[in-house]
Amino acid sequence: MVVLENRVFVARCDAYEEADLAVGRVLDAFGGASAILGGKKRVLVKPNLIMPKSPECAATTHPAIVAAVCAAFIEAGAEVSIIDSTGMPHRKTVLKRLYGKCRMTEAAEEGGAVLSYNLKSRTVPVPDGRMLRDVSLLASVLEADLVVSVAKAKTHGMMAMSGCVKNLFGCVPGTGKPMLHGRFPRRRDFAGMVVDVCQAVAPGFSLADGVWGMEGAGPTNGDPKHLRVVAGGPSPYAVDLALCHLMGLRLDTVHTIAEAAARNLAPGDPMQLGWMGDDPASLRQQFRPASKHKGDALPTVNENCTGCGDCARICPQKCINIVEKKAVIAANTGAGACIRCYCCHEFCPFGAVSI
């Protein structure tokens, strides 16, 4: 019989000035950073830095949470580095801008960690993968003794929710992510692939920054919402199930949670979690979902479009063209058609793509 690690600690955190205390409470519930480390040395902290945005937009993991996590593991004797990769080419110039805009430079300095600019990646097998036999992952992730997923509590246009599991999709380097969108256009298949990636990364601990989360047009263009929560535990699947409950989202819309339950990686009911810490009922809110469509809505371009071309560059189907300084999305069917992955919506820096 498989024994699931379903304990999740929920710490109320009203402001990022309280991040050290909240993160400390979460880690201490599991014996502290030293116990989680278990004698390992190299720790890789993986925040959600989906695109170069200021932390106040609530699209990325707040630097105060990242700094607190880094400081705790460094105090326990670890060497800690930070890395992420957007859907754009995985280059040093891209990373430098990403770290600067998301204030990870500040987080690294405060927490005593090192920002990784390692551009290498390696293809590794996915044991018991349902959708993937192997996957290309960042070398920094593979070389770490312990990976800590430090996610952001957000709604998501395709996956309904972005948490600790979806955060690890960022371990796939650069443009490999839109390529996987192209391979797995169906939501359930894509969720299965994301869980495969999570299994390949095998994070040793997971935390979620929900002090300020995002509702509505997530994961990048929604509205900040004050959830007042830092949640964490050994299982990214359990933490995500707790997040889904705290955000008031429908379980049946979050396919990564359904996939985890189907694989016996987590229960399918948040009431079966080992809740610890502050009362979840007192913190639960109702987040506005990213959209109400059933996956068949064509993204549309609004008046915010500047014709920058980021959507065309990231589109896995190459079905977006820039015509007279405005993006045009092909609505045809068949090869080269829009697969409703919503990468264009996710990565538009101006919020010019609507679902």
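The values are calculated or read from the model by the stated rules, or taken from the named source; none is laboratory data. Predicted model only: the values in this text are computed from it and were never measured. Quick reminder, even Gly has a Cβ in these numbers, built from the backbone with ideal geometry, and neighbours come from all protein chains shown. Each accessible area value is taken on the protein alone, full model and side chains, heavy atoms only, with ligands, DNA and RNA left out. Shrake-Rupley method; radii C 1.70, N 1.55, O 1.52, S 1.80 Å.
Amide H contacts under 5 Å for Ser121: Ala139, restricted to partners 5 or more places along the chain or on a different chain, H placed in the peptide plane at 1.01 Å from N. Shown are Asp14, Asp134, whose ranking by accessible area with a 1.4 Å probe and every protein chain present, most to least, is Asp134, Asp14.
Excluding the sites themselves, what is the longest stretch of the chain that contains no GluC sites (Glu not before Pro) in a DSSP loop with at most 13 other C-beta atoms within 10 Å? Could you put the intermediate results ahead of the total?
Numbers: sites that count: Glu303, Glu324.
My reading of the result: 1-302 is the longest stretch.
The modelled label-to-label distance between Asp128 and Lys325, using points 7 Å beyond Cα along the C-beta direction, is 5.5 nm. Taking the DSSP bridge list for the chain and keeping only pairs wholly inside it, about 55 percent are antiparallel. Around the Cα centre of the chain, unit charges on the Cβ atoms of Lys, Arg, Asp and Glu (plus for the first two, minus for the last two) sum to a dipole of about 1240 debye.
Only helices reaching 27 angstrom along their own axis (Cα) with mean Kyte-Doolittle hydropathy no lower than -1.0 count here, and not one DSSP H run of the chain does.
The slack between Glu75 and Ala297, meaning 0.36 nm per residue of separation minus the straight C-alpha distance, is 75.0 nm. Structure remark: mean-square fluctuation, Gaussian network model of the chain, C-alpha springs under 10 Å; the largest value among Ala58, Ala327, Ala19 belongs to Ala327.
Estimate the FRET efficiency between Asp279 and Asp189 by the formula 1/(1 + (r/R0)^6), using the beta-carbon distance for r and 30 Å for R0, to the nearest 0.05. Display every interim value, and only then the final one.
Working: r = 37 Å, r/R0 = 1.24.
So, using R0 = 30 Å, E works out to roughly 0.20.
Kindly work out what percent of the DSSP beta bridges joining two residues of the range 144-293 are antiparallel, to the nearest 5.
On the way: 11 of 17 bridges.
Taking every DSSP beta bridge with both residues in the range 144-293, the antiparallel ones total about 65 percent.
Scaling against 2.2 N^0.38 Å puts the C-alpha radius of gyration of the range 1-111 at 1.15.
Compared with the direct C-alpha span, the chain from Glu109 to Asp223 gains 38.2 nm at full extension, assuming 0.36 nm per residue. To the nearest 10, the accessible area of Asp145 is 60 Å² with a 1.4 Å probe.
Radius of gyration (Cα atoms) of the range 57-109, expressed as a multiple of 2.2 N^0.38 Å: 1.20. Helix content alone sets the calculated 222 nm mean residue ellipticity of the chain: runs of n ≥ 4 DSSP H residues at -39500 (n - 2.57) each, divided across all residues, give -8500 deg cm²/dmol.
Ligands, DNA and RNA left out, the accessible area of the chain computed with a 1.4 Å probe is 51% carbon and sulfur.
Return a single number: how many Lys pairs in the range 1-141, at a sequence separation of 8 or more or on separate chains, have alpha-carbon atoms below 15 angstrom apart.
Values: Lys53/Lys96; Lys53/Lys101; Lys92/Lys101; Lys92/Lys120.
Close lysine pairs found across the range 1-141: 4.
Less than 5 angstrom separates the built amide H of Cys102 from those of Lys53, all sequence-distant by 5 or more or on a different chain.
Using heavy atoms of the protein chains and a probe of 1.4 Å, the accessible area assigned to Thr300 is about 70 Å². The distance from the alpha carbon centre of the range 80-153 to that of the range 230-275 is 24 Å, rounded to a whole number. Let me test this: with uniform point scatterers at the alpha carbons of the chain, what is the Debye-based log₁₀ I(q)/I(0) at q = 0.06, 0.08, 0.09 1/Å? Treating every Cα as an identical point scatterer, log10 I(q)/I(0) equals -0.19, -0.34, -0.43.
What number, in percent, do you get for the relative contact order of the range 1-150 if the mean sequence gap of Cα pairs under 8 Å and at least 6 apart is divided by its residue count? Don't skip to the answer; put the middle values down first.
Numbers: 240 pairs, mean separation 39.1, N = 150.
This gives 26 percent for the range 1-150.
If you bin all the Cα-Cα distances of the range 207-355 at 10 Å, starting from zero, the percentages per bin are 11, 33, 29, 20, 7, 0.
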